[in-house]
Amino acid sequence: MKVLHIDSSIMGDASVSRQLSQAIVAQLTQKYPTAQVQHLDLATTPIPHLSADILMGQNEEQSALGEQLVQQYLDADIVVVGAAMYNFGVSSTLKAWIDRISVAGRTFKYTENGPVGLAGDKKVYIASSRGGIYGENSPVDFQESLLKTVFTFTGVSDVEVIRAEGVNMGAEPKEQAMTNAFEAIRSIS
Ligand SMILES: Cc1cc2nc3c(=O)[nH]c(=O)nc-3n(C[C@H](O)[C@H](O)[C@H](O)COP(=O)(O)O)c2cc1C
């Protein structure tokens with residue numbers, strides 16, 4: 001069992017999404033004691049943004065890193081993504097990871113009938129944190145919606161969102177949001 005644990009919040013120990021992603025991974029390792037967990041901390045170790053030379057395979061070092069990231073994503077049985085909402089979307093560092101793992105011929109392919117995902121057969125947990133309240137499918141939510149779209153596009157149908165929202169609306173709403181999220185994490189079976 002391979003677990004890929006990704007964090008992207010810039011807030012270190014004060015981060016809500018990091019607390020949630022860590023709790024999800026703890027729950028998973030309790031369930032699968034022999035699980036191998038790989039952690040990508042995109043805030044402390046950012047992945048260089050995609051550029052033309054990387055895209056065209058003209059940067060050997062970055063091509064090797066891109067291949068490593070793609071293979072790591074393909075190999076994972078479970079992916080846990082800590083995703084803070086920044087300006088209605090995800091952090092630029094998480095977007096940089098998305099740009100490196102969305103590779104035609106590796107994680108998806110185009111066919112006569114449209115795109116087909118090649119990275120199916122895994123479960124994705126999105127540990128989502130946001131200051132305001134958006135609920136499900138808000139037209140201004142480009143954070144969860146982007147992540148769900150990308151994972152679905154690469155073939156993953158089992159995507160679960162564990163969300164703490166309204167965390168910047170006062171101590172009480174934050175506490176309630178955290179309690180609800182941790183309860184959802186405890187019920188991961
Ligand atoms: C740069 C920045 C942009 C943010 N943009 C939004 C936003 O568009 N909508 C929102 O509801 N909260 C926004 N917030 C609040 C964060 O979503 C909230 O603090 C969340 O807990 C961040 O996740 P973290 O605690 O894991 O860092 C923003 C925070 C920062 C630092």
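The values are calculated or read from the model by the stated rules, or taken from the named source; none is laboratory data. Quantities reported herein were computed from a predicted structural model and do not represent experimental measurements. Remember, those area values only see protein heavy atoms, side chains included, never the ligands or the DNA or RNA. Shrake-Rupley method; radii C 1.70, N 1.55, O 1.52, S 1.80 Å.
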Task: For region 92-100, 3J(HN,Hα) per residue [Karplus equation, 6.51 cos²θ - 1.76 cosθ + 1.60, θ = phi - 60°, Hz, x = Gly/Pro] - done: 5, 6, 5, 4, 5, 5, 4, 5, 8
Task: Counting DSSP beta bridges with both ends in region 1-127, the antiparallel % (nearest 5) - done: 25
Task: Geometric extent, Cα atoms of the chain - Rg, Dmax (angstrom) - done: 16.5, 52
Task: Rounded to the nearest 10 Å², the accessible area of S189 at probe 1.4 Å - done: 110
Task: Cα gyration tensor, region 83-189 - rounded (a/c under 1.5), prolate or oblate - done: prolate
Open item on the list: Quick one: 3J(HN,Hα) in Hz for region 22-33, Karplus 6.51/-1.76/1.60 with θ = phi - 60°, rounded, Gly and Pro as x.
Closed with: 5, 5, 5, 5, 4, 5, 5, 6, 5, 6, 10, x
Open item on the list: Just to check I understand the Karplus step: with θ = phi - 60° and J = 6.51 cos²θ - 1.76 cosθ + 1.60, what whole-Hz values come out for region 160-170, glycine and proline as x?
Closed with: 10, 9, 10, 10, 10, 10, x, 6, 10, 9, x
- [ ] Give the relative contact order (percent, whole number) for region 2-186; include only Cα pairs under 8 Å separated by 6+ residues.
- [x] 24
TODO: Considering only DSSP beta bridges where both residues belong to region 65-189, give the percentage that are antiparallel (nearest 5).
DONE: 25
TODO: Please give the helix 60-75 orientation as an angle from the longest Cα principal axis of the chain, in degrees from 0 to 90, rounded to the nearest 10.
DONE: 60
TODO: Would you please give the residues with an amide H less than 5 Å from that of V79, counting only those at least 5 places away or on a separate chain, with H modeled from the backbone geometry?
DONE: L4, K123, V124, Y125
Open item on the list: So if I take the centroid of the Cα atoms in region 169-189 and the same for region 1-20, what is the distance between those two points in Å?
Closed with: 16
Task: Of all accessible heavy-atom area on region 2-186, the percent that carbon and sulfur account for (1.4 Å) - done: 52
Open item on the list: Give the lysines reachable from K148 as a straight Cα distance under 23 Å; neighbours fewer than 8 places away on the same chain don't count.
Closed with: K2, K95, K109, K122, K123
Task: Accessible solvent surface per residue of region 2-186, calculated while the other protein chains remain in place, 1.4 angstrom probe, Å² - done: 51
